[in-house]
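In what follows, a single structure is set out as structure tokens and then discussed.
The values are calculated or read from the model by the stated rules, or taken from the named source; none is laboratory data. Since this is a predicted model, take the numbers as computed values, not measurements. Heads up, the Cβs are rebuilt from the backbone with ideal geometry, glycines too, and the neighbour counts pull from every protein chain shown. Quick note on the areas: whole protein, heavy atoms, side chains included, nothing else; ligands and nucleic acids left out. Shrake-Rupley method; radii C 1.70, N 1.55, O 1.52, S 1.80 Å.
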Protein chains: 2
Amino acid sequence: MLNFTVGPVQSSEQVCAVGAEQVPYFRTPEFSRVMLENERLVKQFAKADEDARVAFMTGSGTASMEAAVINVFTEQDRVLVIDGGGFGHRFVELLEIHDIPHEIIKPAFACGVTAEQLAAYDGKGFTGFLVNLDETSVGVLYDIQLISDFCRRNNIFLVVDSISSFLCDPFDMKALDVQVMITGSQKALACPPGISIIVLSPRAVERVYANHPRTMYLDLKLALKNGERGQTPFTPAVGTLRQINTRLKEIDAAGGADAEVARIGGLATYFRDKLQEYGLPFALVSHSLPNAVTSLTPTGGASANDIFNILKDEYGIWVCPNGGELKDTVFRVGHIGALDRSDFDTLLDALRDMQTRGLI
Amino acid sequence: MLNFTVGPVQSSEQVCAVGAEQVPYFRTPEFSRVMLENERLVKQFAKADEDARVAFMTGSGTASMEAAVINVFTEQDRVLVIDGGGFGHRFVELLEIHDIPHEIIKPAFACGVTAEQLAAYDGKGFTGFLVNLDETSVGVLYDIQLISDFCRRNNIFLVVDSISSFLCDPFDMKALDVQVMITGSQKALACPPGISIIVLSPRAVERVYANHPRTMYLDLKLALKNGERGQTPFTPAVGTLRQINTRLKEIDAAGGADAEVARIGGLATYFRDKLQEYGLPFALVSHSLPNAVTSLTPTGGASANDIFNILKDEYGIWVCPNGGELKDTVFRVGHIGALDRSDFDTLLDALRDMQTRGLI
């Protein structure tokens, strides 16, 4: 079963091998060392400030999205949020649930935000900005430099959901003045899902300690305090955290974050070029392509969902279906996880075979 | 490395083998079937009402403790809570954070609650009751029949944290009129940590749908709605949920919950009897023993924490240390996970060897 979804993705052999091991008791110096190494490598790969901190949350990416929102913003903030798809819209819902004043920037379908769109909010007194850098639901990468410049000139606290972009697209947390960055275990980290990760700049750490969200589980103060000694306030997904450790060291040994971004970007380009070269009947959906995923619309009349099902049932290949309105018009091909060019050749061969059979 | 902690515990070979597998994409009928089977077996083992529902939360046990508190209680409730150790106290803190009126019942150290203690609260207008059935921090099992009778005669909504008791001690959710039961993946379920589980009676499901907690991640309405088709609102710990499925089927094949309770109880009795037979210098801490764990105090002057370290470093055996004030006076031996009598013989031999060496 070859997996081109956008998560969970395929893990390396070493990561799978750790998954087979017994999970050790964790209130030990041995596990603390694993966690402190995880923190160090995540900071290094995010290009975070050396005084930045990392919280490892046992939970889905949404747990960390909610934790970020309620730990760094309050009802006194005024937050701008980009609502360009399912995940951007989740931030809007979180702001609503927690009564945090906000305004929505709505990009055109499958498009990024423009300088003009942002300029309309210059000098309007906003204090926070929320964006999910790669809106994975349609495969749109927002221009983080543009957003960073806007936030810097307006002194706005920038929170970036980088769940599907971390290690895929170039990113420099410190240079971009990003205060909070979120990612998850099951995207380019290519581990099983169950852990989400929040990187906090020194300014963000200050906000966390000054803030009093009404929650125990999502209170980042507890995570930060326990994290000082490489521990967590509650029993974490110890097995997944050990797999993350294995994976971070693999990436480090292969050249670090830049090398991984180049590798994933190379696979994305290879796949997109071959699609065109072979004249396969698909159009790119996104006008601002991320490296992690290519969203495609069938142009020959086939249903995207049928293509997903045929690939799964007849070829043992999983691409990523879309739900809701886009179910029949869009499917996605991920470029993250333990995949190489030969895997994309296998997918391309399957698609060419489906074309020969008149299925697409 | 032989693991007698109270979680994470040792997993079966089959569960470890699933941990080595690639984690599949999960928005599929195949994964829905796994989840619906998980729900069916958890309900069966909890002896829940046939219309009960189960929420599988990606998170620590505390995530489900907080979710339970905020989804079934409100500021209009008056809740009684047993504060007999670290985990009971966590419920008190959750009630405080969420401004839910409450009163604390404080048992004597290492003791259960008595009929007299409860009788003092008869007819006082309480609406809710929170107890962690096995207060694992000291190894005390509360008398659930006593608590159930009290709640029934006072028409009180009973929420039971059964994280360390589920599948260890006899429990019948429906007969006991328990409205919410919480457990976790890393206790008697003997899977890696990362999933906690909430079983909701039909009355509890009604409360969840009527209630509006200020959270997205811990909102059980979302979990219940998605759960109807065997799905989750956010990407769950798919790998751990597949391991739970394997484990639930193992338990079912071996005779179900009653057989597992008898097996774990048998191991606990075996270990406790042998301790006495060999005249090892330990006293039982708890005056109300659960099946999952035996908490012990060294009576020969040795430090409990030293015993933990020597067993780990010199014998490759992990018992469970205590933290805080109890660090030097109490350690715990768990009876859950993939352990059999020969494993307890190994531990007993190590303790006898330490006695010969004059270390205890």
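Things to note:
- For segment B:1-75, the helices (runs of 4 or more DSSP H) that sit wholly inside it and include 2 or more residues that are farther than 30 Å from B:Arg203 by Cβ, open to solvent by 10 Å² or more (accessible area, probe 1.4 Å) and facing chain A (nearest Cβ under 10 Å) are B:13-20.
- Residue match in segment B:80-103 (condition: touching a residue at least 12 places away in the same chain (Cβ under 8 Å) and within 20 Å of B:Leu167 (Cβ to Cβ)): yes
- Selection within segment A:67-106 - of a type in the set (Gly, Ala, Ser) and at negative phi: A:Ala67, A:Ala68, A:Gly84, A:Gly86, A:Gly88
- Meets criteria (buried (at least 22 other Cβ atoms within 10 Å of the Cβ) and under 25 Å from A:Glu75 (Cβ atoms)) for A:Tyr209: no
- Subset of segment B:115-137 (residues that are of a type in the set (Asp, Glu) and either surrounded by 10 or more Cβ atoms within 10 Å (Cβ to Cβ) or within 15 Å of B:Phe91 (Cβ to Cβ) (or both)): B:Asp122, B:Asp134, B:Glu135
- Taken over segment B:68-79, the criterion of being touching a His at 6+ places or on another chain (Cβ under 9 Å) and closer than 15 Å to B:Val160 by Cβ is satisfied by B:Val69, B:Phe73, B:Val79.
- Of the residues making up segment A:317-360, those that are touching a residue at least 60 places away in the same chain (Cβ under 8 Å), of a type outside the set (A, V, I, L, M, F, W, C) and touching a Leu at 6+ places or on another chain (Cβ under 9 Å) are A:Arg332, A:His335, A:Asp340, A:Arg341, A:Asp343, A:Thr346, A:Arg352, A:Gln355.
- Qualifying residue in segment B:273-292 (condition: touching a Cys at 6+ places or on another chain (Cβ under 6 Å), closer than 30 Å to B:Asp143 by Cβ and crowded, with 18+ Cβ neighbours inside 10 Å): yes
- The residues in segment B:148-188 that are within 14 Å of chain A (Cβ to nearest Cβ) and either within 19 Å of B:Asp122 (Cα to Cα) or surrounded by fewer than 24 Cβ atoms within 10 Å (Cβ to Cβ) (or both) can be counted, and the count is 0.
- Whichever residue in segment A:197-218 is more than 9 Å from chain B (Cβ to nearest Cβ) and of a type in the set (Ser, Thr, Tyr) and, among such residues, is farthest from the chain's Cα centre (by Cα): A:Tyr209
- Among the residues listed as B:Asp353, B:Asp313, B:Asp306, B:Asp340, the single one being of a type outside the set (S, T, N, Q), surrounded by fewer than 22 Cβ atoms within 10 Å (Cβ to Cβ) and in contact with a Phe, Trp or Tyr (Cβ under 9 Å, 6 or more places away or on another chain): B:Asp353
- Residues being of a type in the set (Lys, Arg) and within 14 Å of chain B (Cβ to nearest Cβ) - total across segment A:77-94: 1
- The single condition among (1) in contact with a helix residue (DSSP H, G or I) (Cβ under 9 Å, 6 or more places away or on another chain); (2) open to solvent by 40 Å² or more (accessible area, probe 1.4 Å); (3) farther than 18 Å from B:Leu218 by Cβ that A:Arg78 does not satisfy is (1).
- Considering residues of segment B:95-114 that are away from every other protein chain (no Cβ under 14 Å) and not in a loop (DSSP other than H, G, I, E, B) only, the residue surrounded by the most Cβ atoms within 10 Å (Cβ to Cβ): B:His102
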